[in-house]
Amino acid sequence: MSIAIIAIIVFALLFDFLNGIHDSSNIVATMISSRSFSPRVALGVTAVAEFSGPFIFGVAVAKTIGNEIVNPEAITPQVLLAALLAAIIWNLLTWYLGFPSSSSHALIGGFIGAVVVGAGWQTIRLEGIEKVLIALFTSPIIGLVFGYFITRLIFFLCRNATPRVNWIFKRGQILTGVALALTHGANDAQKTMGMITLALLIGGYLKEFVVPIWVIVSCAGMIGLGTSIGGWRLIRTLGAKFYKIRPVDGFSSQLASVLVILGNSILGGPVSTTQIVSTSIMGVGAAERANKVRWGVAGEIGTAWILTIPATALVAAGIYWLLLFIFPKL
């Protein structure tokens, strides 16, 4: 296997690992903040479920990323490396700042930026881009709506319940938390699988776009490992800055997130777990009263979401030219 393909695989797995660290907060923040689980137990259970996700729900998202966005013949090792490096840099920056930005946005933005500079707009498959952008930008809105209405329904069903009902919601987060981790692993780990499989295809190691089993195991393992370490800065942002999370809030937001992410994973739509979990938390809070949510924090996170794709596209374009200058025959 060539050095270029090995480098792409290494950086792809590094991105996957950082994605696990970056997005672990999305899965466990509400469980920890509502005091349903200790941090270590929550992260450990989540890591195992993350690893299992791709084996249960398939690899439809990997096929979207690697086979439907651009024409494979336009891809070069420099393009893939530039996309991955831009996404890694953005993840590290937002992780350091405690911004729950989107790893999915970062990778898609980097991929598009590198491809456009390296091969031109004509290599972009508009139907694939449309599918990706619809999934990325509608899923947070759906998460907000689902969070709101699920919470309103729960309040209605539990209107005569005693405070003991909190025990049910605490334990219920075992199911919703594991389900959320499974769907996250099924969606986010597949983005890296798509990049590695594409590298193997352009390197001549595959005859068609089929994700090898060792790629599935490697990517699922790396995102699970990253999740087990956890991103504590981001956990504090999601778990406390919106409002004080109660067991019913954690249960409702996780259930809403599971429904949205699972639907997209089955259909092959790459989504941002960060966005969906964040907006579902806001929807849950708004279901009780709108002023319960600290909308200023939501605005800051929204700004990060908007900036991610253009920022990583520009970074990837710059990295591509640098790689082309240093390694013209990579």
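The values are calculated or read from the model by the stated rules, or taken from the named source; none is laboratory data. Everything numeric here is computed off the predicted structure, so don't read it as measured data. Heads up, the Cβs are rebuilt from the backbone with ideal geometry, glycines too, and the neighbour counts pull from every protein chain shown.
Which condition number does ARG159 fail, the rest of (1) surrounded by fewer than 19 Cβ atoms within 10 Å (Cβ to Cβ); (2) in contact with a Leu (Cβ under 8 Å, 6 or more places away or on another chain) being met?
(2)
Taking the condition of being modelled with pLDDT of 90 or more and polar (S, T, N, Q), how many residues in the range 181-236 meet it?
Residues in the range 181-236 being modelled with pLDDT of 90 or more and polar (S, T, N, Q): 2 in total.
Checking the structure you have, find out if any residue of the range 135-142 is closer than 25 Å to ILE88 by Cβ, surrounded by fewer than 17 Cβ atoms within 10 Å (Cβ to Cβ) and not aliphatic (A, V, I, L, M). First the steps, then the outcome.
Of the residues in the range 135-142, the ones closer than 25 Å to ILE88 by Cβ are 135-137, 139-140.
If we keep only those that are surrounded by fewer than 17 Cβ atoms within 10 Å (Cβ to Cβ) too, we end up with 137.
In the following step, the residues that additionally are not aliphatic (A, V, I, L, M) were identified as 137.
Among the residues of the range 135-142, at least one is closer than 25 Å to ILE88 by Cβ, surrounded by fewer than 17 Cβ atoms within 10 Å (Cβ to Cβ) and not aliphatic (A, V, I, L, M), which makes the answer yes.
Can you confirm whether the range 182-193 contains a residue that is of a type in the set (A, V, I, L, M) and over 21 Å from the mean Cα position of the chain (by Cα)?
To start, the set of residues in the range 182-193 that are of a type in the set (A, V, I, L, M) comprises 182, 186, 189, 193.
Of the ones still in play, those that are also over 21 Å from the mean Cα position of the chain (by Cα) are none.
Taking every residue of the range 182-193 in turn, none turns out to be of a type in the set (A, V, I, L, M) and over 21 Å from the mean Cα position of the chain (by Cα).
Going by the structure shown, is ILE196 hydrophobic (A, V, I, L, M, F, W, C), within 21 Å of ASN19 (Cα to Cα) and surrounded by fewer than 14 Cβ atoms within 10 Å (Cβ to Cβ)? Break it down stepwise before answering.
Working: hydrophobic (A, V, I, L, M, F, W, C): yes; within 21 Å of ASN19 (Cα to Cα): yes; surrounded by fewer than 14 Cβ atoms within 10 Å (Cβ to Cβ): no.
No.
Pairs under 7 Å by beta carbon, first residue farther than 29 Å from PHE325 by Cα in the range 115-132, partner surrounded by 10 or more Cβ atoms within 10 Å (Cβ to Cβ) and modelled with pLDDT of 85 or more, six or more apart or different chains?
VAL132/ILE108
What are the residues in the range 71-88 that are over 15 Å from VAL10 (Cα atoms) and surrounded by fewer than 22 Cβ atoms within 10 Å (Cβ to Cβ), if any?
Within the range 71-88, ASN71, PRO72, GLU73, ALA74, THR76 meet the criteria.
Of all residues in the range 237-256, how many are in a loop (DSSP other than H, G, I, E, B), buried (at least 24 other Cβ atoms within 10 Å of the Cβ) and modelled with pLDDT of 65 or more?
Taking the range 237-256 as the starting set, the residues that turn out to be in a loop (DSSP other than H, G, I, E, B) are 241-246.
From what is left, the residues that are buried (at least 24 other Cβ atoms within 10 Å of the Cβ) are 242.
Still in the list and also modelled with pLDDT of 65 or more: none.
The number of residues fulfilling the criteria is 0.
Kindly indicate which of THR94, THR76 is closer than 15 Å to ILE21 by Cα and β-branched (Val, Ile, Thr).
On the way: THR76 fails: closer than 15 Å to ILE21 by Cα.
Only one candidate passes the filter, namely THR94.
Restricting attention to the range 108-149, which residues are outside any helix (DSSP H, G or I) and charged (D, E, K, R)? Give the derivation first.
If we filter the range 108-149 for residues that are outside any helix (DSSP H, G or I), which is where we start, we get 120, 124-125.
The one that is outside any helix (DSSP H, G or I) and charged (D, E, K, R): ARG125.
Out of curiosity, is GLY185 out of contact with any His (no Cβ under 9 Å at 6 or more places or on another chain), closer than 30 Å to LEU323 by Cβ and part of a helix (DSSP H, G or I)? Walk me through it before giving the result.
Details: out of contact with any His (no Cβ under 9 Å at 6 or more places or on another chain): yes; closer than 30 Å to LEU323 by Cβ: no; part of a helix (DSSP H, G or I): yes.
No, not satisfied.
Go through (1) in a helix (DSSP H, G or I); (2) in contact (Cβ under 8 Å) with a residue 12 or more places away in the chain one by one and return the number of the condition SER101 breaks.
It is condition (1) that SER101 fails.
How many of the residues in the range 120-177 are of a type in the set (Gly, Ala, Ser) and modelled with pLDDT of 90 or more?
Residues of the range 120-177 of a type in the set (Gly, Ala, Ser): 120, 128, 135, 139, 143, 147, 161, 172, 177.
Cutting the leftovers down to modelled with pLDDT of 90 or more gives us 143, 147.
Of the residues in the range 120-177, 2 are of a type in the set (Gly, Ala, Ser) and modelled with pLDDT of 90 or more.
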